[in-house]
Amino acid sequence: MAGDSEPFELPYAESASAEVLTLDLDGWEGPLDLLLTLARAQKVDLREISILQLTEQYLAFIDNARALKLELAADYLVMAAWLAYLKSCLLLPKDPEVEPSPEELALRLQLRLQRLNAMREAGARLMARDRIGRDVFERGAPEGLKLVRKAAWEASLFDLIAAYGAVRARAEVPVHLVQRRPVMTLDQAIDRVSRMVGAALDWADLESFLPHGIDGDYRRSALASSFVAALELAKQGRVALQQEQPFAPLMIRGTA
Amino acid sequence: MSDEPDDLLRALEAALFAAEAPMSVAELTTVIGSEGVAGALPRLAALYAGRGIELVERGGRWHFQTAADLAHILRRTREEPRKLSRAGIETLAIIAYHEPVSRAEIEAIRGVQISKGTLDVLLEAGWIRPAGRREVPGRPLIYATTPGFLSHFGLGDRRDLPGIADLKAAGLLDPVDLAMEQLIMEKPEEDA
Amino acid sequence: MSDEPDDLLRALEAALFAAEAPMSVAELTTVIGSEGVAGALPRLAALYAGRGIELVERGGRWHFQTAADLAHILRRTREEPRKLSRAGIETLAIIAYHEPVSRAEIEAIRGVQISKGTLDVLLEAGWIRPAGRREVPGRPLIYATTPGFLSHFGLGDRRDLPGIADLKAAGLLDPVDLAMEQLIMEKPEEDA
């Protein structure tokens, strides 16, 4: 009854050349799709379908395609091999050792066909709905809704006044005040060294002439000024200077 | 159309007419700058019932569109939307009825590999979107439909998918393994 | 809006809604494929009178448009608070204390060039306005503050601004070195 159904026959009707048949084979979305097409040709509810009959139809189809020397995609051949196995299992006496049973395999195939069929029908019903751009139309030239962002500038009166203060302060003519640094003048050093040399009779280290308990910049200033004072006093013949080697302590003694 | 449209209805009407895409209640509330949008939309839709243009809700978003029975007037000036291949239609149906669904799951139902182009076409049309990954080995990408899918096919909601309730009741949206398990479980009962 | 829209009105409504440009009576007659368009259009327009959208004729062509009083919905403005830059606040301060002043005078007082953007921001904020031209060579534009400036800063009058002596007393005349440092720090900003 199903053998002469339309989808099965169609390829033959148009098989003027092998190429056409190949193209028609491409029309199936895989072996499951081909099986479903054959199953639907049985014109019974998929739940009532005879898997054995379906298997025979599929195998016949593949044989015919082979006879026509058509190149069949591997998955069609895999399905054919599997169905041939299923067919033999279904025909042979039951072997309770075989798991899963051929009936279970057949049921599984039936369930898959039902699911694919359900989705194929759902797809067709979906496509038949009132679709935008085909059955219903949106506004042709919508004005569009625009959001314009506008900055709300923020500044306080204090910011304003402080900014003006900063500008004016920058513009003021700067006045530089040089801080007085602690120094011992040359006059002070001559006065001090000449007084101290007058009291001493023996050689003494120049550094011992510096005031006690001073350090830092003032000590360096006092040392420098005292050295120049010693040279000045030596020039005047009032002191004698002696140094054993470079960087050794500078010794000083009164000549009086 | 007895009652005079109030300010809220007028504002909604204007916003929805001018909008370039369907709008949610939240978006409309922002645009209109007033509350009560959710309640006013069905009133506005009722005002347009039976007219040449209709206000419809699709996936929580609202838009105006021409009445379906007037398609013959408008279609002559327009090209048909791109025709989807059979693989495309089936893949879209599987995603819509099973979402979220992975590529392998789609292939299991169709019994054939899907070419990359099929999913690309559906993605490009804005009908499906990647919806994360399935937390199974390999973490495959899963797909779901978009609000644009609902709008295009005139569905208020996924529950409006044709026949989805019947398919669910018949177990036809369950995987084969699950269906087999249930059938085997039922068996002893039948034998008894 | 008493009469039930008839088929012709529905068809016109849909055709005008879906149209990508305003349509003439002749075009509409072709699309609808029925006579009586010219008479039906004013009826359709009357149906929409006072609504959020209106059917209007412009130069023999008809189209739907948003009601004029709802134009604000199409173009919403949102204010986003932004702090005025240092260059901006200093320029504003100089204008406030010395108005009317030219750009060159502002730069002479600030000791730094000001970018055009700085004045634009102050103009946009509505705090300054062009106040004519200085009658010197080049006739430069001069700027003054606005009433909006006074109200924003809570001043009754420009003379309410504290004088130099007040600023000094308040310690707002920063030491020169610090001011120089700030000047150097802000420079890249102004270049940008």
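None of the figures in this text is laboratory data; all of them are computed from the coordinates on show. Every value quoted in this text rests on a predicted model; they were computed, and no experiment measured them. Cβ coordinates were reconstructed from backbone atoms using ideal geometry, including for glycine residues, and neighbour counts include every protein chain displayed.
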Name the GluC sites (Glu not before Pro) in region A:93-182 that are in a loop by DSSP and that have at most 16 other C-beta atoms within 10 Å, would you? A:Glu97, A:Glu172
Using only Cα atoms and rounding to the nearest 10 degrees, what angle (0 to 90) does helix A:186-199 make with the longest principal axis of chain A? 50 degrees
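Rounded to the nearest 500, what is the protein assembly as shown's calculated 222 nm mean residue ellipticity when only DSSP H runs of at least 4 contribute -39500 (n - 2.57) each, over all residues? Kindly include the intermediate steps, with their values, before the conclusion.
Working: 29 runs with 327 residues, N = 640.
Mean residue ellipticity, 222 nm, calculated: -15500 deg cm²/dmol.
When a/c reaches 1.5 or more, the comparison of a/b and b/c decides; with that in mind, is region A:31-128 rounded, prolate or oblate per its Cα gyration tensor?
Values: a/c = 2.10, a/b = 1.20, b/c = 1.75.
In terms of gyration-tensor shape, oblate.
Dipole of region C:86-172, Cα-centred, from +1 at each Lys and Arg C-beta and -1 at each Asp and Glu C-beta, to the nearest 20 debye?
Roughly 200 debye, rounded to the nearest 20.
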Sorted by chain and then number, the residues having a modelled amide H within less than 5 Å of the amide H of B:Ser24, at least 5 places away or on another chain, are B:Trp62
Taking H as built 1.01 Å from N, whose amide H comes closer than 5 Å to the amide H of A:Val136, not counting residues under 5 places away? A:Arg131
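For the protein assembly as shown, with only Lys/Arg (+1) and Asp/Glu (-1) charged at the beta-carbon, what is the dipole magnitude about the Cα centre, in debye rounded to 20?
So the magnitude is around 3060 debye.
Give me the Kirkwood hydrodynamic radius of chain A in Å, from all C-alpha pairs, to one decimal place? Please report the intermediate quantities before stating the final value.
Working: mean 1/r = 0.0329 Å⁻¹.
Value: 30.4 Å, from the Cα pair sum.
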May I ask which of A:Lys87/B:Lys168; A:Lys146/C:Lys116; A:Lys43/A:Lys87; B:Lys83/B:Lys116 have a Cα-Cα span longer than 23 Å here? A:Lys87/B:Lys168; A:Lys146/C:Lys116
Give me a single rounded figure for C:86-98: the average over its residues of other chain Cβ atoms within 10 Å of their Cβ. 5
Could you go through region C:87-95 in sequence order and give the Karplus-derived ³J(HN,Hα) for each residue, using 6.51 cos²θ - 1.76 cosθ + 1.60 with θ = phi - 60°, rounded to whole Hz, and x for Gly and Pro? 4, x, 5, 5, 4, 4, 4, 5, 5
In sequence order, what are the phi-derived ³J(HN,Hα) couplings for region C:56-66 according to the Karplus relation 6.51 cos²θ - 1.76 cosθ + 1.60 with θ = phi - 60°, rounded to whole Hz, with x for glycine and proline? 10, 10, 9, x, x, 10, 10, 7, 7, 8, 5
For C:Glu99, go 7 angstrom from Cα along the Cα-to-Cβ vector, then report the distances to that same point in the other copies in nm, smallest first. 5.9
Evaluate the relative contact order of chain B (contact order divided by residue number), counting alpha-carbon pairs under 8 angstrom at least 6 apart; express in whole percent. 16 percent
Shortest first and in nm to one decimal, what separations exist between B:Glu186 and its copies in the other chains, measuring from label points 7 Å along the Cα-to-beta-carbon line? 8.3
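Calculate the tail of P(r) for region B:1-144: the fraction of all Cα-Cα distances greater than 28 Å, expressed in %.
Working: 4431 of 10296 pairs.
It works out to 43 percent of all Cα pairs.
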Cα→Cβ-extended label distance, 7 Å offset, between B:Gln113 and A:Ala124, nm: 2.9 nm
Which ³J(HN,Hα) values, rounded to whole Hz and listed in residue order, are derived for region C:145-154 from phi using the Karplus coefficients 6.51, -1.76 and 1.60 in 6.51 cos²θ - 1.76 cosθ + 1.60 with θ = phi - 60°, glycine and proline given as x? 7, 10, x, x, 5, 4, 6, 4, 9, x
What residues qualify as long-range amide H neighbours of C:Ala131, i.e. H under 5 Å apart, gap of 5 or more or another chain, H built at 1.01 Å from N? C:Ile142, C:Tyr143, C:Ala144
Stokes-Einstein, Kirkwood over Cα pairs, region B:7-72, 4 °C, 1.567 mPa s; D in µm²/s equals 108 µm²/s
Say the dipole of the protein assembly as shown comes from +1 at the beta carbon of Lys and Arg and -1 at that of Asp and Glu; which of B:Leu47, B:Leu183, C:Ile94 then lies farthest toward its positive end? C:Ile94
Packing rank of C:67-79, B:120-132, where each peptide gets the mean count of other beta carbons within 10 Å, highest leading: B:120-132, C:67-79
Using a 10 Å cut-off on Cβ to Cβ distances, tally the other chain neighbours for every residue of C:159-165 and report the average as a whole number. 2
Helix A:157-171 against the longest principal axis of chain A: what's the angle in degrees, Cα atoms only, rounded to the nearest 10? 50 degrees
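How high is the relative contact order of chain A, in percent, counting Cα pairs under 8 Å that sit 6 or more residues apart? Please report the intermediate quantities before stating the final value.
On the way: 174 pairs, mean separation 32.2, N = 256.
Reported as a whole number, the value is 13 percent.
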Can you give the Rg and Dmax of region B:86-172 based on its C-alpha atoms, in angstrom? 12.7, 37
Would you mind checking the tilt of helix A:51-67 against the longest principal axis of the Cα atoms of chain A, expressed as 0 to 90 degrees and rounded to 10? 80 degrees
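Label the protein assembly as shown by shape, choosing from rounded, prolate and oblate, from the square roots a ≥ b ≥ c of the eigenvalues of the Cα gyration tensor; if a/c is under 1.5 it is rounded, and otherwise prolate applies when a/b is larger than b/c, oblate when it is not. Walk me through the intermediate numbers first.
Working: a/c = 4.36, a/b = 1.88, b/c = 2.31.
It comes out oblate by the Cα gyration axes.
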Under the convention of a label 7 Å out along Cα→Cβ, give the distances in nm from B:Asp160 to the same position in every other copy, shortest first. 6.0
Answer with one residue from A:Ile161, A:Pro249, A:Leu201: the one whose Cα lies farthest towards the positive end of the charge dipole of region A:107-256, charges on Cβ with Lys, Arg +1 and Asp, Glu -1. A:Ile161
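Take the Cβ-Cβ distance between C:Thr30 and B:Arg86 as r, set R0 to 35 Å, and report the resulting FRET efficiency rounded to the nearest 0.05.
Working: r = 37 Å, r/R0 = 1.05.
Working from the Cβ atoms, E equals 0.45.
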